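Sharing a structure below in structure tokens format, with a few things to ask.
The values are calculated or read from the model by the stated rules, or taken from the named source; none is laboratory data. As the structure is a computational prediction, the values presented were derived from the model and not from experiment. Methodologically, a virtual Cβ is constructed for each residue, glycine included, from the backbone with ideal geometry; neighbour enumeration extends over all protein chains shown.
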Amino acid sequence: MIKTTAKELFEAIPFIENPVYEQLIHDIGQQKYSIIDGFFSSETVSLLRQSLLYKHEEDCFKKAAIGNRVNEIIVKSIRGDQILWIDESLSNTAERLFFDCINDLVAYLNKTCFMGILQKEFHYALYPKGTFYKRHIDTFQNDDRRKLSIVCYLNEEDWKPENGGELVLYLDDNGCEIQKVIYPFPGRIVIFESQIIEHEVKPVETERLSITGWLKIR
Ligand code: OGA
Ligand code: MN
């Protein structure tokens with residue numbers, strides 16, 4: 001009888017390309033950002049939205065600061081959102097669904113692109129009416145480990161462009177600056193290179209819900 005180890009079995013499974021991830025990798029390579037609609041199902045979005053709103057009601061959120069966690073200050077003229085960091089080891093059902101999807105993506109990126117993503121950090125964000133996040137870049141002077149920024153929108157299904165809160169990416173088009181305007185529709189994720197892409201969140205007219213995070217190297 002031939003004995004097969006679990007490792008041998010695992011290695012025998014043919015690698016199956018994931019067309020959604022392949023599109024993402026292609027987009028990042030070409031244009032430094034990618035937008036994927038329906039990355040999270042409407043059920044997952046709804047659970048995450050409930051989780052965010054529940055935690056916000058419990059008053060766990062704090063005013064978002066600028067600078068990293070060691071070096072942060074709150075400047076309302078720069079950003080007005082409120083955030084809560086998510087601890088994966090204490091995940092509720094919704095957050096487990098979230099991290100299952102993110103971890104799957106990370107494993108794929110590390111396997112196919114040797115991205116070397118070793119860490120991640122994610123927080124909920126709630127932008128009350130009238131708030132915004134001025135043009136900025138997601139890396140800090142004293143810490144450049146953030147490689148990819150990921151924003152996941154948790155707004156209601158009937159979110160309209162008039163609600164504001166567009167994400168604007170400032171892109172370089174052969175030396176000319178162009179703006180890419182992205183609406184925060186539920187289930188949509190936006191991924192971009194943290195060290196390169198300047199971006200801003202336009203003022204919101206209706207409370208805007210999301211999870212934002214970073215995939216980090218080293
Ligand atoms: C951020 C950010 C973008 C968005 O939190 O750093 O840029 O669309 N968020 O929420
Ligand atoms: Mn940002």
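Which condition number does Leu171 fail, the rest of (1) within 13 Å of the chain's Cα centre (by Cα); (2) away from ligand 1 (no atom under 13 Å from the Cβ); (3) of a type in the set (A, V, I, L, M) being met?
(1)
Any idea how many residues of the stretch 137-166 are within 12 Å of ligand 2 (Cβ to nearest atom) and assigned to a loop (DSSP other than H, G, I, E, B)?
Selection size over the stretch 137-166: 3.
Within the stretch 195-215, can you find the residues that are not charged (D, E, K, R) and not in a strand (DSSP E or B)?
Gln195, Ile196, Ile197, Pro203, Thr206
If you don't mind, another one. Taking the stated definitions as given, is Ile86 among the β-branched types (Val, Ile, Thr), within 14 Å of ligand 2 (Cβ to nearest atom) and in contact (Cβ under 8 Å) with a residue 12 or more places away in the chain?
no
Could you please find all residues in the stretch 100-115 being surrounded by fewer than 17 Cβ atoms within 10 Å (Cβ to Cβ) and assigned to a helix (DSSP H, G or I)?
Result: Asp100, Cys101, Asn103, Asp104, Ala107, Asn110, Lys111, Thr112, Cys113.
Condition first: surrounded by 12 or more Cβ atoms within 10 Å (Cβ to Cβ) and aromatic (Phe, Trp, Tyr). Now tell me which residues in the stretch 8-56 satisfy that.
Tyr21, Tyr33, Phe39, Phe40, Tyr54, listed by residue number.
Sticking with this structure for a sec: Does the stretch 184-194 include one or more residues that are part of a helix (DSSP H, G or I), within 15 Å of ligand 1 (Cβ to nearest atom), on the phi < 0 side of the Ramachandran plot and surrounded by fewer than 20 Cβ atoms within 10 Å (Cβ to Cβ)?
Within the stretch 184-194 (the criterion being part of a helix (DSSP H, G or I), within 15 Å of ligand 1 (Cβ to nearest atom), on the phi < 0 side of the Ramachandran plot and surrounded by fewer than 20 Cβ atoms within 10 Å (Cβ to Cβ)), the answer is no, since none of the residues qualifies.
Residue-wise test of (1) within 15 Å of ligand 1 (Cβ to nearest atom); (2) touching a Leu at 6+ places or on another chain (Cβ under 6 Å); (3) at pLDDT below 95; (4) farther than 21 Å from Lys76 by Cβ.
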residue	(1), (2), (3), (4)
Tyr124	yes, yes, no, no
Arg135	yes, no, no, no
Phe140	yes, no, yes, no
Asn155	yes, yes, no, yes
Asp158	no, no, no, yes
Leu167	yes, no, no, no
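Please tell me if Glu198 is away from ligand 2 (no atom under 12 Å from the Cβ) and farther than 20 Å from Val106 by Cβ.
no
Specify which of the listed residues (Ile191, Ile197, Ile150) is β-branched (Val, Ile, Thr) and in contact with a Gly (Cβ under 7 Å, 6 or more places away or on another chain).
Ile150
Would you call Lys32 within 20 Å of Thr206 (Cα to Cα), of a type in the set (Lys, Arg), modelled with pLDDT of 95 or more and within 16 Å of ligand 2 (Cβ to nearest atom)?
Taking the combined requirement at face value, the residue does not satisfy it.
Determine which single condition Ala94 fails, assuming it passes every other condition in (1) touching a residue at least 60 places away in the same chain (Cβ under 8 Å); (2) in a helix (DSSP H, G or I).
Against the list (1) touching a residue at least 60 places away in the same chain (Cβ under 8 Å); (2) in a helix (DSSP H, G or I), Ala94 comes up short only on (1).
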